[in-house]
Structure formats: C-alpha cells, structure tokens
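Here's the structure, in structure tokens; my notes come after.
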Amino acid sequence: MNANGSERGNWTKLGFIFAATGSAIGLGNIWKFPYITYENNGGAFVLVYLICIAAIGLPIMIAEMILGRKSQRNAVGAFKAVGGGKWKIVGGLGVITGFVLLSYYSVVAGWTLEYFIKSVTGAFDGMDESEVGKLFGDFLKNPVKQISWHAVFMGLTIIIVAGGIVKGIQRITKILMPVLFIIMAILLIQSVFSEGFGQALTFLFRPNFSELTLGSVLEAVGHSFFTLSLGMGAIITYGSYMTDKDSIPKSAIIVCGLDTFVALMACMIIYPIIFTFKISPESMTKSAGILFSTLPIHFLNMPGGFLFGPLFFILVAFAALTSTISLLEVVVAYFIDELGWRRVQATIGLGIVIFVLGIFSALSNGAVPALSSFNLIGKSSTAGFFNTLDYLVSNWLLPVGGFFIAVFVGWRLQVAVKDEEYYKGEKTFLNYRAWNFLIKFVAPVAVAIIIIAVIFGREF
Ligand code: PHE
C-alpha cells in the first residue's frame, strides 16, 4: 500500500527481468549503437564500451535497484524514503528527464511503424539508394505523418502503462521480449551466411587502438547510460516493484548482459549488409541514415529480403515500445505515489502532455523551418528542436543524474541498507566489496570526467 492507500503491485516471477531488459533494449541498441560504433571505427571502441558497461553501468544499475526495492517508491519518493533529504532533487531531475526523453524518443519509434508498413506493402520496390534516401527526407518533412505516428506510438505506450505493472507492463514485455529474441535470431542466421559477415566480425572485434580518440571514450561512457536506461530513475522505478526473492546483482548482470548482447547482435545483422553491398561511408554518417535511408534498399536486394525487411522494422518497433513504457512509468509512478493520482488518469493525462511536447520534435526534422533551425546550443549536431533535446538528455541529464545516484548510494546511503539489499536472493560472482569499490570510486570519477570534458566543449 502506498501513502494514499492504493496497491502498488509487484512483479511476479521473472517479471522484473523481462521489464528491465525491455527498458534497456531499444533504439539505443539497434539504431544508435551500430551507428556510433561505425563512426568510431569499431574494434577499440567496442572494447571501451564493454568496459564502461561493466565498470560504470553495472554498478549504477545495482545502485538504482537497491534504491528502488528498499524504498518501494518512485524516483523522487525513493530518495525521501531512505532519508535522502535534498537528494530527492536528483529523482525530480530524473522525472523531468523521462518526460523530455519520451517526447522525442516516441517520434523516432513512430518512424519504425511507418517503415514496417512500407516494407510490408513493397513501397521500396524498384527504388535505388538515392530514391530511398529521398523517401526518408520527404517522410521527415510530412507533418501529418510525423505527428500521426508519434500519436500512435504514444497511444500504444499509454494503453500498456495504464494497465499497471502486472497486467500491463509485465504482460506485454513477457510476450514482446521473447519475440524480439526470436526475430533477432532469424535475422542473425540469415546474416551469418551473407558475404560480408566475416568482415563485419573483424570490424567489430579487432581492436585498433591507434584509432581511439578521447572523444570516442567519452561517447562510450555516455552511451552506456542511455542504453542501460540509467541516470533518470527508470531502474529505480522498476526496482520498486521488485520482491525480496530476486537477487539484485544477479538481475543487473542479466540485464546488462542481454542489453550488450543485443547491441552486438544488431551490429552483426546490420554490418554484413553494409559490407556486402558496399554502402558508401557518406550515407552512414548521416544521423538517422543507417536505419531508415540505407537498409530498406538492401533488404530488397538480398535473398528473402521481402521477409527480413518487415521483420527488422517490427523488431525495432517492439524494442522501442518496451523502452517507451518504462519512460512513461517513471513519470506516472511519481504522480501516483507522491501526488496521489490514479493510474489511469495519470497515464492518460501525462501521456497527452508528453505527446504535445513531442509534436515540436516531430516537426523539427524538416517539416517546420523555425523548429528545424532552432539551435539553443549552437553546435551543428544540435540543430533542430529534436537534436537539442537529445543533446541535453544524452550529454547532460543522464550523466549528471547517474553521477549523483552513484555518489548518493556510494557515500550517503547506510551501509546496512546496501548490505541487506545486496544479499537478498541468491549470491553472484560480483561480491559486495567489488561493487562497493566500483560505485564509490570508479563510476563517479569516470562520470565526473565526462561531465568536465563536456563543459570544456568536447562533443560526444
Ligand atoms: N535504454 C533505452 C534504449 O537503449 C532508452 C532509455 C533510456 C529507456 C532511459 C529508458 C530510460 O533505447
């Protein structure tokens, strides 16, 4: 029961793992990771990214789960419940971040639905690369389509979150996550037999440290937050519905492991297409390029592509949906726990407000010139309302949130609380002392370095 007497609910068996993995796996894995890895020349970047996941992401994920399960509260309430006083501001920052992140994430998620329909109906048939590119450009400029798909995606998200933890989120993630893994496996088998697979593996796993720049290291740190849904209370919120039967370190290891696995799988599916069809590097370096303006044509040209194209886009849509529901849940849980709102009303009301904010992003990729040229930060990569929000979230809000969560759990939270939460459920190979060292020293110092680097003008 919470303060206003309503039942919060708890995950049942494996529910947390499905939901948290669903939150972590999303556009970050399937769209962003392959794209930034390509830009950073693979190999060494991948290695640094893996180290970031293990040394920064994993300990912070455990910290968020501890805060959530101990308090059984939303991101703000969690800090209050464990005597955090002013630290609740960190949770408040998380709720705001979730709000903003969802508003533009849903826009890109909507694109995957349009591309699913397009690939099913054969809209790309007979087109060449430049025509597919133009189609994407025209789609971005079409205000009705941009807003409609964003509305559809927010609508789906609202319906699921309104259903609550067990009947909504858990039920849908338990279906979608296995489906996602099956689709990935089919696509992977197909790609193993394609010509460029060997080249893709070499690119991904052969480190060439001479190509590694400080900028790449910073990018890897920032992306590890985004991809694991850390730094804004999503895992605090999901962790608050965890029971004592689950082991926190074990769950965190599984979620981080699956998230990383999917990011690497996505590269192994996408890169062979690039290498087999010798896609020009220019088309790769445009931000949204790889997924929407290059791949459709190559799915068309490959054996069985009429099947793999739609499968791929529906896979991305599923992955995005299990992430958007976690973003909305962060905001909704705050209004339910702290302000006493009812779930259905909170979900619909807040979902609509987020949808409205998202309209500005939806129209800022070419549809409305004033929004497309909006540039608060003034860098070329931040042109447009959409890119400005993404820059603020990825480069500032998530790392700053993650830093404070690490400092709070590492230095302020009582040792007895941490110790107790850490060892409920089964034990794992990552022992308490190792985690404690990572959360107290390694994670905050590494994150502080990125924040300082950003302040001194490094793009990442
Ligand atoms: N982890 C999600 C992805 O990789 C994005 C996300 C970030 C979701 C933060 C929830 C919270 O796409």
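The values are calculated or read from the model by the stated rules, or taken from the named source; none is laboratory data. The structure presented is a predicted model; accordingly, all values stated were derived computationally and were not measured. Cβ sites come from the backbone with ideal geometry, for glycine too, and all protein chains shown count toward neighbours. We work out accessible area using only protein heavy atoms, side chains counted, and drop any ligands, DNA or RNA first. Shrake-Rupley method; radii C 1.70, N 1.55, O 1.52, S 1.80 Å.
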1/(1 + (r/R0)^6) with r = Cβ-Cβ of Ser148 and Phe441, R0 = 56 Å, i.e. FRET efficiency to nearest 0.05, evaluates to 0.70
Beta carbons within 10 angstrom, averaged per residue: use that to sort the peptides 344-354, 429-439, highest first.
-> 344-354, 429-439
So how do 227-237, 320-330, 45-55, 259-269 stack up, highest first, on mean other-Cβ count within 10 Å?
-> 227-237, 320-330, 259-269, 45-55
Sum -39500 (n - 2.57) across every DSSP H segment of at least 4 residues in the chain, then divide by the residue count to get the 222 nm mean residue ellipticity, nearest 500.
-> -21500 deg cm²/dmol
Considering Cα pairs under 8 angstrom that are at least six residues apart, work out the relative contact order of region 322-405 and quote it in whole percent.
-> 15 percent
Computed over the Cα atoms of region 283-407, what is the ratio Rg over Rh, Rh following Kirkwood?
-> 1.05
Alpha-carbon radius of gyration plus Dmax, which is the widest Cα pair, for region 94-133 in Å | 15.1, 46
Evaluate the distance, in nm, between pseudo-label points positioned 7 Å from the Cα of Glu195 and of Gln414 along their respective Cα→Cβ axes.
-> 6.6 nm
Globularity index of the chain, i.e. its alpha-carbon radius of gyration over 2.2 N^0.38 Å = 0.93
Against the longest alpha carbon principal axis of the chain, how many degrees, from 0 to 90 and to the nearest 10, is the axis of helix 58-71 turned?
-> 50 degrees
Would you mind telling me the share, in percent, of accessible area of region 337-460 contributed by carbon and sulfur at probe 1.4 angstrom?
-> 67 percent
Please give, to one decimal in nm, the separation of the simple spin-label points placed at Asp128 and Ala55, each 7 Å out from Cα toward the Cβ.
-> 4.8 nm
Expressed as a rounded percentage, what relative contact order does region 1-160 have, with Cα pairs under 8 Å and six or more residues apart?
-> 13 percent
Stokes-Einstein D (µm²/s) once Rh is taken as the Kirkwood radius of region 25-184 over alpha-carbon pairs, at 37 °C in 0.692 mPa s | 171 µm²/s
Identify all aspartates and glutamates with a Cα-Cα distance to Lys80 below 13 Å; exclude those on the same chain that are fewer than 8 residues away in sequence.
-> Asp337, Glu338
The FRET efficiency for Phe209 and Tyr423, from their Cβ-Cβ distance with R0 = 35 Å and rounded to 0.05, is 0.35
Work out, step by step, the length gained on full extension between Val120 and Lys167: first 0.36 nm times the residue separation, then minus their alpha carbon distance; give nm to one decimal.
-> 13.9 nm
Treat each spin label as a single point 7 Å out from the Cα along the C-beta direction, and report the Thr202 to Ile455 distance in nm.
-> 4.4 nm
Could you sort out which of Lys88/Lys418; Lys141/Lys174; Lys134/Lys278; Lys32/Lys427; Lys32/Lys145; Lys174/Lys440 sit more than 28 Å apart by Cα distance in this structure?
-> Lys141/Lys174; Lys32/Lys427; Lys174/Lys440
Over its Cα atoms, what ratio of radius of gyration to 2.2 N^0.38 Å does region 169-222 give?
-> 1.70
Considering only protein heavy atoms, what per residue accessible area in square angstrom results for region 13-455 with a 1.4 angstrom probe?
-> 36 Å²
Scattering curve values for region 326-393, log₁₀ I(q)/I(0), Debye with Cα scatterers, q = 0.19, 0.27 Å⁻¹ = -0.74, -1.02
Could the peptides 242-255, 118-131, 165-178 be put in order, highest first, of the mean number of other beta-carbon atoms found within 10 Å of their residues?
-> 242-255, 165-178, 118-131
